[in-house]
Amino acid sequence: MTSFEYVRYYMALLVVAFVPGAFLFWFVVHPFVPFWRRVGYGWAYTLGLTVVTGVAVTLFAMRDALLTVEFGTSAVTVAVGAPLIVSSSVLRRKWGKHLRLRTLWGLPELAPERHESRLLSDGIYARVRHPRYLEMLLGVAGWAFVSNYLAAYAVTVYTMVMLALLIPLEERELVQRFGPAYEDYRRRVPALLPRLRRRVY
């Protein structure tokens with residue numbers, strides 16, 4: 001293989017091995033928040049990270065079968081994927097200015113009495129409600145196009161399905177936490193397709 005073929009292969013491997021389990025972590029958390037609040041969020045992280053690790057190890061072990069079908073190096077798919085990766089990186093920096101690590105890990109959700117939070121509605125959050133998920137979708141799609149492996153494209157579709165399921169679960173909890181303020185915010189700001197201009201009220 002050429003050097004770029006190796007790059008494509010390892011990009012596809014990272015997407016296929018690590019993205020699926022990352023979503024499953026939050027499906028361990030979001031549907032069972034009242035339970036984790038009672039027993040302690042440490043157990044939620046233990047179970048969630050066990051699932052993530054187990055899925056990653058399993059998919060990595062299956063890498064030869066999963067990465068059998070690839071479509072070769074393509075200037076067209078690289079030209080599509082590269083801007084998506086850059087856009088993902090830009091979004092990462094933008095939401096990173098507003099989101100604390102404890103919020104990223106869900107501590108205000110799992111232990112609200114110990115970790116207060118505020119509704120994020122400024123900066124990038126004034127244009128899109130879930131910039132983290134948009135960043136992930138763009139990044140996965142970008143890596144899939146550059147790698148040009150069938151399994152990476154399948155993970156991109158999987159990502160879209162998981163986001164469609166995960167966002168309502170997360171927003172249900174946000175409505176419970178922030179009440180009418182979040183409902184108003186949800187009416188004003190789109191979930192994943194960002195508004196290019198800030199509305200003036």
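The values are calculated or read from the model by the stated rules, or taken from the named source; none is laboratory data. As the structure is a prediction and not an experimental result, all values here were calculated from the model. Methodologically, a virtual Cβ is constructed for each residue, glycine included, from the backbone with ideal geometry; neighbour enumeration extends over all protein chains shown. Surface areas here come from the heavy atoms of the whole protein model, side chains and all, with no ligands, DNA or RNA. Shrake-Rupley method; radii C 1.70, N 1.55, O 1.52, S 1.80 Å.
Structure values in brief
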{"quantity": "Kirkwood Rh in Å, taken over all unlike Cα pairs in region 29-83", "calculated": "14.7 Å"}
{"quantity": "Under Karplus coefficients 6.51, -1.76 and 1.60, residue-wise ³J(HN,Hα) of region 86-91 in Hz, glycine/proline x", "calculated": "5, 4, 4, 5, 5, 4"}
{"quantity": "Charge dipole of the chain about the Cα centre (unit charges at C-beta), most positive-ward option of 158, 2, 88", "calculated": "88"}
{"quantity": "Accessible solvent surface per residue of region 117-201, calculated while the other protein chains remain in place, 1.4 angstrom probe, Å²", "calculated": "51 Å²"}
{"quantity": "Among 32, 60, 71, residue whose mean-square fluctuation peaks in a GNM of the chain (springs only between Cα atoms under 10 Å)", "calculated": "71"}
{"quantity": "In sequence order, calculated HN-Hα J values of region 149-162 (Karplus, 6.51, -1.76, 1.60; Hz; x Gly/Pro)", "calculated": "9, 4, 5, 5, 5, 4, 5, 4, 5, 4, 4, 4, 5, 4"}
{"quantity": "Dipole in debye (nearest 20) - the chain, about Cα centre, beta carbon charges: Lys, Arg +1; Asp, Glu -1", "calculated": "940 debye"}
{"quantity": "Cα shape, region 67-107, gyration tensor, a/c 1.5 rule", "calculated": "oblate"}
{"quantity": "Heavy-atom accessible surface of region 101-172: percent carbon and sulfur, 1.4 Å", "calculated": "67 percent"}
{"quantity": "Listed residues 62, 11, 160, most fluctuating in the chain (Gaussian network, C-alpha, under 10 Å)", "calculated": "62"}
{"quantity": "Within a Gaussian network of the chain (alpha carbon springs, distance under 10 Å), most fluctuating of 104, 13, 169", "calculated": "104"}
{"quantity": "Rounded Å value of the spacing that divides the Cα centres of region 102-173 and region 1-62", "calculated": "14 Å"}
{"quantity": "Exposed GluC sites (Glu not before Pro) absent - longest run of the chain, DSSP non-H/G/I/E/B, at most 11 other C-beta within 10 Å", "calculated": "1-112"}
{"quantity": "Region 91-180: chymotrypsin sites (Phe, Trp or Tyr not before Pro) falling in loop per DSSP and having at most 13 other Cβ within 10 Å", "calculated": "none"}
{"quantity": "Global geometry of the chain, whether rounded, prolate or oblate, following the gyration tensor of its Cα atoms and the 1.5 cut on a/c", "calculated": "oblate"}
